[in-house]
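The values are calculated or read from the model by the stated rules, or taken from the named source; none is laboratory data. Just so it is clear, the structure is predicted and the values come from calculations on it, not from any experiment. Ideal geometry is used to build each Cβ from the backbone, glycine not excepted, and the neighbour counts take in all protein chains shown. These accessible areas exclude ligands, DNA and RNA; they are computed on the full protein's heavy atoms, side chains included. Shrake-Rupley method; radii C 1.70, N 1.55, O 1.52, S 1.80 Å.
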Amino acid sequence: MIPRRRFLQAAAASAAATTIPALATGPAHATATATATASGREPEGTITDLGPASVTSPLGNAEFVGDVLHLGSRGLAPNVVGAWDLAQDKVTAHFEIPTGVGIWAMCKVGTDVYVGTHSRSDLYRIDTLTGTTTKVAQYPDPYIWTMAASPDGKVYMGMSQPGRVVEYDPATGASRDLGQPAPGEAYVRSIQADDTHVYAGVGSNAHLVAIDRRTGEKRELLPAEVADRDWVSSMSISGTHVAGGMNSLAELLVLEKANPAAYKIVKATAPGEKYIVSVLIHDGWVYFAGRPSGTFYRYRIEDGTYEVLGVPFPEAQTVRILEHGGRIYGVQEPGIFVYDPATGVIDYVSHVQKGFRAAPEEPMSVHSDGRRVYVGGKGGCDLHDLATGQVTRLPIPGEPKTIMTAGHTTYLGVYTQAALYSHRAGDPEAKLLLRTGHNQDRPKDLCHDKLTGLIVMSTQPEPGHRNGALDVYDPRTGRLDTYRPVVERQTVFSLTARLGTVYLGTSTQEGLGSPPVTSTARLAAFDLRTREVKWEVEPVTGASSVTSLKHTTLALYGITGDGVLFEFDPRGREVTRTLKVCERGGDLVLAGRNAYTSDENAVYKIDLVAFTSRRLVEGLASDWFGGGSRLAIDPSRKALYGLKGRNLIRIAL
């Protein structure tokens, strides 16, 4: 009797023998000449540059100085602050911010604009009188989430992780650590300051804390009625009141500074509303914006009048609300809405049409349906037509994290709200199919089971929450079934489906900001007919994640977050072979007897029979959002799609 491990290897070799052309040998290379082979195919490893992968101009924050609205970008290289002069009605200058992956925090002190970056926490000052930009401080925290100036010109920053407050004094250049408003919590997501106190909104377990600027004494202001909420994620103050936007029930908290026991809770009323993403107190009103609907509201503090003002841009996130010249400006990723309280009219402005710089962003996903390549980023996808080279934009309110085609329909898993969209070639828009709910926000993977016809999506919980979920969607009926937890105290990161069974590769990370409570990622089998987990194993001891999972007729293949490939026999439920491919695992794709994966700098070709790997191309320096790497294979199995820098490339197979 042939041992099963040898049988898997022999079967793979036999199946590949008549379908896979001879492979090129020799040293790895980053590019190859475009000399045609005798068969007319490009040499293996030939790179074709298809241009910028995703070009966009998402906004992260803004600040007025006089009649000029300074708009900060996210995800560009470099990021910029564009100065939209309202008098000239155009962007008259750009100030480059050379570090960090985005601008989430801005405030002003006099005529200076301060900018805080994330994924490098650097603080910049833009002198709007001279046009000079200077980095004035840097911090070890991953993120400067939020920033505000006090009346006497100090700058206060809310940091993560951990969630702490830092004061910067422009007069001396000194920084002072005010500590964690809520020890153990990872995020300070909103901040304001007056003459005596700093007010910090905290998550992922909600707190609203007043910090005495002189003594550092901290006092909790959040009423017990809402102490079980997730976040105080946005904030504004006046001389008498604090207004905070809370997640995940879309509530506005308004309380008196002098008497925090005197408070009101206002529920945003748009169907499905979960977040209050931006708040402004002005002229006795609290203006606030919700998500996912994109609805704009206001509440009058004096008498409790509540109004729904409209939906300036459906489902868009409002990152900042400002007042200038009696009008209210709402800054969103795709543009700016302007509300006139005197007339009730809401106008919408494209900052790009006003001259704001659009540039290649850090993409989040890549997928090919054979005729076009989808590249997901902020606010949608760039669609690259492979025949014509034309690039069009598919707008989607959110960030497509994972993409898959089944038949003539492409499915996109979108952050936030763990939403699932569908798109058919030629349609100008994608169609919203569902939002997962169940405190989930980040889609991780998609797969299609041909036997049952079901679409399966895995999701990660919101920051601070436990247990990822598995969504089973029937495109014939529109029915959605959500299973949470699937693998207890873990998130399902990767999926592959065969004959009514979905195989799940997990991560020990639950919601962001929550320390893992399990030590090793798992491999599990979920039966789509009984809707039960049939078995779980730990394929690689100590691995924190299985980032990608694929199957053949006889075996499963997965790669871990630290680049270990494993072969798994689903019948014997055992790992048959392992191979260290790279230092950081990414996507895994299969083509006959070969598999391919990538890290930031190289694409690796894996011989599944010999179980060896080599670099197919290198020198890519791919610039994906959040680091790591993504890789897609053409349905023809003749090409891979990935990044070189921020450009989309085709790699011949």
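So the values come out like this:
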quantity	calculated
Scan of region 465-476 for residues that are under 19 Å from the mean Cα position of the chain (by Cα) and open to solvent by 30 Å² or more (accessible area, probe 1.4 Å), ordered by number	H465, R466
Hits in region 334-351 - residues which are touching a His at 6+ places or on another chain (Cβ under 9 Å) and more than 24 Å from D283 (Cα to Cα)	P334, G335
Of all residues in region 37-91 being part of a strand (DSSP E or B) and polar (S, T, N, Q), the one that is most open to solvent (accessible area, probe 1.4 Å)	T48
Region 239-251, residues that are outside any loop (DSSP other than H, G, I, E, B) and in contact with a Lys or Arg (Cβ under 8 Å, 6 or more places away or on another chain)	H241, V242, M246, N247, E251
Pick from region 543-566, criterion assigned to a loop (DSSP other than H, G, I, E, B) and over 26 Å from the mean Cα position of the chain (by Cα), ranking: surrounded by the most Cβ atoms within 10 Å (Cβ to Cβ)	A555
Residue, most open to solvent (accessible area, probe 1.4 Å), within region 214-237, restricted to residues that are small (G, A, S) and over 23 Å from M157 (Cα atoms)	A224
Any hit, region 347-359, residues being over 23 Å from the mean Cα position of the chain (by Cα), open to solvent by 10 Å² or more (accessible area, probe 1.4 Å) and of a type in the set (D, E)	yes
Subset of region 413-429 [in a loop (DSSP other than H, G, I, E, B), open to solvent by less than 20 Å² (accessible area, probe 1.4 Å) and closer than 11 Å to L394 by Cα]	none
Number of the exception - S150 against (1) in contact (Cβ under 8 Å) with a residue 60 or more places away in the chain; (2) under 22 Å from G355 (Cα atoms)	(2)
Selected residue [open to solvent by 40 Å² or more (accessible area, probe 1.4 Å) and under 20 Å from the mean Cα position of the chain (by Cα)] from H448, H438	H438
Enumeration of residues in region 477-504 that are surrounded by fewer than 22 Cβ atoms within 10 Å (Cβ to Cβ) and aromatic (F, W, Y)	Y483
Which numbered condition L608 fails, given (1) open to solvent by less than 10 Å² (accessible area, probe 1.4 Å); (2) in contact (Cβ under 8 Å) with a residue 40 or more places away in the chain; (3) of a type in the set (A, V, I, L, M); (4) in contact with a Leu (Cβ under 7 Å, 6 or more places away or on another chain)	(4)
Residue in region 112-134 that is open to solvent by 30 Å² or more (accessible area, probe 1.4 Å), closer than 23 Å to L512 by Cβ and assigned to a strand (DSSP E or B) present	no
Pairs, first under 15 Å from T128 (Cα atoms) in region 81-98, second in a loop (DSSP other than H, G, I, E, B) and among the basic types (K, R), C-beta under 9 Å, six or more apart	G82/K354; G82/R357; W84/K354; V91/K354; V91/R357; H94/R357
Residue list for region 396-412, restricted to those being open to solvent by less than 50 Å² (accessible area, probe 1.4 Å), of a type outside the set (D, E, K, R) and over 16 Å from V492 (Cβ atoms)	I396, P397, G398, P400, I403, T405, A406, T409, T410, Y411, L412
Only one of R615, R630, R650 that is under 21 Å from G561 (Cβ atoms), in a strand (DSSP E or B) and either open to solvent by 20 Å² or more (accessible area, probe 1.4 Å) or among the polar types (S, T, N, Q) (or both)	R615
Flag if P539 is in contact with a Gly (Cβ under 8 Å, 6 or more places away or on another chain) and not in a strand (DSSP E or B)	yes
Evaluation of T240 against (1) in contact with a strand residue (DSSP E or B) (Cβ under 6 Å, 6 or more places away or on another chain); (2) open to solvent by 20 Å² or more (accessible area, probe 1.4 Å); (3) in contact (Cβ under 8 Å) with a residue 12 or more places away in the chain (one fails), failing number	(1)
Filter result (crowded, with 19+ Cβ neighbours inside 10 Å and over 12 Å from R120 (Cβ atoms)) within region 138-153	W145, T146, M147, A148, A149, S150
Residue check, T459 out of contact with any His (no Cβ under 6 Å at 6 or more places or on another chain), touching a residue at least 40 places away in the same chain (Cβ under 8 Å), surrounded by 23 or more Cβ atoms within 10 Å (Cβ to Cβ) and of a type in the set (S, T, Y)	yes
Unmet requirement for N205, which otherwise passes all of (1) touching a strand residue (DSSP E or B) at 6+ places or on another chain (Cβ under 8 Å); (2) surrounded by 14 or more Cβ atoms within 10 Å (Cβ to Cβ)	(1)
Conditions (1) surrounded by fewer than 21 Cβ atoms within 10 Å (Cβ to Cβ); (2) of a type outside the set (K, R); (3) farther than 21 Å from S57 by Cβ: number failed by Y156	(1)
Residue that is nearest to V242 (Cα to Cα), among those in region 279-315 that are among the small types (G, A, S) and surrounded by 18 or more Cβ atoms within 10 Å (Cβ to Cβ)	A289
Filter pass, R219 being at pLDDT 95 or above, within 23 Å of the chain's Cα centre (by Cα) and among the charged types (D, E, K, R)	no
Subset of region 264-278 that is aliphatic (A, V, I, L, M) and in a strand (DSSP E or B) - its residue that is most open to solvent (accessible area, probe 1.4 Å)	I265
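Every residue, every condition in (1) in a loop (DSSP other than H, G, I, E, B); (2) of a type in the set (S, T, Y); (3) open to solvent by 10 Å² or more (accessible area, probe 1.4 Å); (4) within 22 Å of P539 (Cβ to Cβ), yes or no:
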| residue | (1), (2), (3), (4) |
| --- | --- |
| R571 | yes, no, yes, yes |
| R584 | yes, no, yes, yes |
| L590 | no, no, yes, yes |
| E600 | yes, no, yes, no |
| S622 | yes, yes, yes, no |
| S636 | yes, yes, yes, no |
| G642 | no, no, no, no |
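Condition check ((1) over 25 Å from the mean Cα position of the chain (by Cα); (2) closer than 16 Å to V115 by Cα) across all residues:
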position	(1), (2)
T146	no, yes
G158	no, yes
D169	yes, yes
L178	yes, no
P181	yes, no
